[in-house]
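One structure is given below, encoded as structure tokens.
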Amino acid sequence: MTLQDGSAAPSREESEAGTGGNPLRWDLTPDEIRTLTDTLIDRIQRVYDAVGSLDLDKVSVENTLKALAGAKFSYAASRHVLDFPQYVSPCKEVRSASTEADKKLSQFDVEISMRGDVFKRILTLQDRNKKSLTSEEERFLDRLVTLGKRNGLHLSKDTQEEIKKLSKLISELSIEFNRNINEENTVLVFSERELSGLADSYLNELQKTADGRYMVTLEYPHYHPLMKRCHIPETRKRVETAFHSRCKEANTAILEQLIELKAKVANLLGFSSHANYVLELNMARNAINVSDFLDKLYTRLKPIGDKERRYILALKKRECLMKGYDFDGQIHAWDMPYYMNQVEQVKFAVDKDTLIQYFPLDVVTDGLFGIYQDLLGLTFTRVQQAHAWHPAVSLYSVSDSATGDEIGQFYLDLHPREGKYGHAACFGLHPGCVGPDGKRRLSVAAMVANFTKPRRGLQSLLQHHEVETYFHEFGHIMHELCSKTVFSDFSGTLVETDFVEVPSQTLENWVWEKESLRRMSAHYKDGSPIPDALLHKLIASRVANTGLMNLRQIVLSKVDQSLHTMRHADTAEVFARHSRDILGVPATPGTNMTASFSHLAGGYDGQYYSYLWSEVYSMDIFWNRFKKEGVVNPKVGSEYRRVILEPGGSIDGMDMLKTFLGRNPRQDAFLQCKGLTTSDEIGLEMFG
């Protein structure tokens, strides 16, 4: 979110004083955001103008490639302090100014990406100087050429202008789509009877109306526990209906317009669909390979899902008989989380009310920090009196344990508040790369989540799935901070989209291992460890509902692929059809889940399959290196940091995998994790 350059911002030396090298400002007013946005655009524009006006016979690595690299670094290092506050600022005026800055900068992104004069100099440089470049310089130059062609700079001027116009509109609509989600603030009101089944600790966290009823928001700490624990079907139905109706009117129209616009751009660029356009740069390469992967995985998972669905239906029938409810013989969307939670309790005897008491946020954080530090050879130090966007946000400096050198910093913003980003995510705020002066710059990133707030004397206690989310997103933080690239375009998580989840998914595995679970848990009252019996039940429950959970991921991946291989779409109908046909659960009438599916307008359009695809590699890494050689083995961790994290996007993901594994990737561990036999083949040729 990042470094400020300009008259209103301090110099780098002033900024770094007392902040451990972190030059980011978070106290900008709306007027400063607007001014600095214009200043940044003007500064970068001048560099592109200079490169675009060079005589072709004077084009060189220094005045073209390095000049553009310097501009890209400056832009990446300055942009995010302007566009990140829309997700986290407690001030609505600042969020609004940040959103407008994001729109303006996104328009500018399109402008500079369509500079035919600059592209001509890049092509000239490629023809003349390729042999004299380092491998990363050559990769950067090749990327500039590829991106230029993907923006249509080899096409006619009329076509370029059409692409530019459409691309600007796509950027603006995508920002609007996500702003609507972030600003969503629905509140539902229930009596205590309507919340039957929920723990006192949950009820005590809720605000009350004047007549004593409870106010439930659609934020994660309210939504997920209610859907899993509330005994009253009508309550769950109301909440599920509201949750999947968020921003329905506005965002359905935006999403369906985005689908049409993206299809038009893809067609102008010679691609049969938007999905094929975005997949060209991914490991999967095209929509046929993605469809093949998903179809074969569905074929293998379907029998498991059918078996789990029958079991859930039996649980529902039994409960209806016991409580006198009418049994309709169906599983509804508002039944799924509730009965899947019962499966864990009945089949694996996992007592969630007891388990949550052993995962206080502070203890989980200490354990997570310890595991990551030991594994990767790092030291985390909290920055005292750190300047951040909210008092609840903390800042940490990260240094290499062997050398003592600082490599970066990260923020933790872990609790919900009004107007804040509603999911869990890692935001790269400053690239960790080499600056124009040849000196390495520190990476800065932020983890934004929505864990339950401490309240009324009770500290924040995490569900185990929240602990897993914590480890996942913190894996992205480590990817951002550990990367050591030359160019900002390759820094941190700027890898192939279907590889970007590999490091974070790999590190999710630690929350299922006895040794590491011991390190991240202790009873919130007396610090006692999780009883062995409960710990073993938790670990065994990893396979609970594996069929249905992964079929749900296939639904979302198929919906995403379907929408982005079409020219027009009824988004609610597409989701309802795939949910019914694949998961066997109808969408709730009147809802449209895709209207709040932020991935569709947040950089994962046509690429949501990446979560399942990446899991093939992450499981191979964990089970065949860490599990065999020690889950907290610092030797393996050091190699993982060097081979997988440090290169960022400067090396192909497949090449990194082959180096770390010592062979082509295999899917044995992935299949076993999903309850499949290793003899079941799922597109093996795609992963070798």
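The values are calculated or read from the model by the stated rules, or taken from the named source; none is laboratory data. These numbers were taken from a predicted model, which means no experiment stands behind them. In this analysis, Cβ positions are derived from the backbone assuming ideal geometry, glycine residues included, and neighbour counts consider all displayed protein chains. Keep in mind that these areas ignore ligands, DNA and RNA; they rest on the heavy atoms of the full protein, side chains included. Shrake-Rupley method; radii C 1.70, N 1.55, O 1.52, S 1.80 Å.
Taking every alpha-carbon pair in segment 171-259 and binning the separations at 5 Å intervals from zero gives 3, 13, 23, 20, 14, 11, 9, 6, 3, 0 percent. Computed over segment 352-430, the Cα gyration tensor eigenvalues convert (square root of 5λ each) into semi-axes of 24, 20, 11 Å, ordered from largest to smallest.
Under 5 Å from the amide H of residue 407 lie the amide H atoms of 398, 399, 400, each residue being 5 or more positions distant or on a separate chain, with H modelled from the backbone and absent for Pro and chain starts.
Bridgeable aspartates and glutamates around residue 453 (alpha carbons under 16 Å apart, same-chain partners fewer than 8 residues away excluded): 200, 205, 219, 362, 413, 418, 466. A convex hull fitted to the Cα coordinates of segment 625-679 yields 96 cubic angstrom per residue.
As a size descriptor, the averaged projected area of the C-alpha convex hull of segment 224-268 was calculated at 4.2 nm². Averaging 1/r over every pair of different alpha carbons in segment 477-547 and inverting the result gives a Kirkwood radius of 15.1 Å. For helix 220-229, report the angle its Cα long axis makes with the longest principal axis of the Cα atoms of the chain; keep it between 0 and 90° and round to the nearest 10°. For 220-229 against the chain, the angle is about 30 degrees. Using the Kirkwood radius over Cα pairs, work out the Stokes-Einstein diffusion coefficient for segment 377-467 at 20 °C and 1.002 mPa s, in µm²/s as a whole number. Reported coefficient: 143 µm²/s.
Solvent-accessible surface of the chain, taken per residue with a 1.4 Å probe and all protein chains present: 40 Å².
To test your reading of the geometry: what angle, between 0 and 90 degrees and rounded to tens, separates the Cα axis of helix 30-52 from the longest principal axis of the chain? Tilt of helix 30-52: around 50 degrees.
Taking Cα atoms only, the orientation of helix 116-129 departs from the longest principal axis of the chain by about 80 degrees.
Ellipticity at 222 nm from helices only: DSSP H runs of n ≥ 4 in the chain, each -39500 (n - 2.57), divided by the residue count, give -16500 deg cm²/dmol.
Note on segment 280-320: the C-alpha convex hull projects to 3.9 nm² when averaged across all orientations.
Computed from phi, the 3J(HN,Hα) profile of segment 415-420 under the Karplus parametrisation 6.51, -1.76, 1.60 (θ = phi - 60°) reads 10, x, 7, 4, x, 7 Hz, with x in place of Gly and Pro. With a threshold of 20 Å on the Cα-Cα distance, the over-threshold entries among 164/262; 302/558; 627/658; 120/157; 228/558; 352/514 are 228/558. Restricting segment 382-476 to trypsin sites (Lys or Arg not before Pro) that sit in a DSSP loop and have at most 16 other Cβ atoms within 10 Å of their own Cβ leaves 417, 439, 456. Taking amide H as placed 1.01 Å from N in the peptide plane, residue 378 has its amide H under 5 Å from the amide H of 401, each at least 5 places away in sequence or on another chain. Structural descriptor for segment 81-210: relative contact order 25 percent, calculated from alpha carbon pairs under 8 angstrom and at least 6 residues apart. Within the same chain, lysines fewer than 8 places from residue 92 are excluded, and of the rest, those with a Cα less than 17 Å from its Cα are 103, 420.
In whole angstrom, the chain maps to an equivalent ellipsoid with semi-axes of 40, 29, 27, each derived as √(5λ) from the alpha carbon gyration tensor and ordered largest first. Roughly speaking, what % of Cα-Cα pairs in segment 513-658 are separated by over 25 Å, rounded to a whole number? In whole percent, the long-distance tail amounts to 53.
Take every Cα-Cα pair in segment 42-178 and report what % of them are more than 19 Å apart. Every Cα pair in segment 42-178 considered, those over 19 Å come to 57 percent.
Working note: Karplus 6.51/-1.76/1.60 with θ = phi - 60° gives segment 481-486 the couplings 7, 8, 5, 9, 9, 7 Hz, where Gly and Pro are set to x. Along segment 469-480 the Karplus relation, 6.51 cos²θ - 1.76 cosθ + 1.60 evaluated at θ = phi - 60°, assigns HN-Hα couplings of 4, 4, 5, 4, 5, 5, x, 5, 4, 5, 4, 4 Hz to successive residues, with x for each Gly and Pro. Taking segment 308-389 on its own, what percent of its Cα-Cα pair distances exceed 16 Å? Looking at segment 308-389, the distances longer than 16 Å represent 69 percent of pairs. Computed in the context of the full set of protein chains, the accessible area of the chain at 1.4 Å probe radius has 50% of its extent on carbon or sulfur. Ranked from largest, the principal axis spans of the Cα set of segment 583-657 equal 54, 29, 18 Å.
Among the GluC sites (Glu not before Pro) in segment 173-280, those located in a DSSP loop and surrounded by at most 14 other Cβ atoms within 10 Å of their own Cβ are 192, 280. For segment 430-513, the average shadow cast by the Cα convex hull is 7.2 nm², which is a quarter of the hull's surface.
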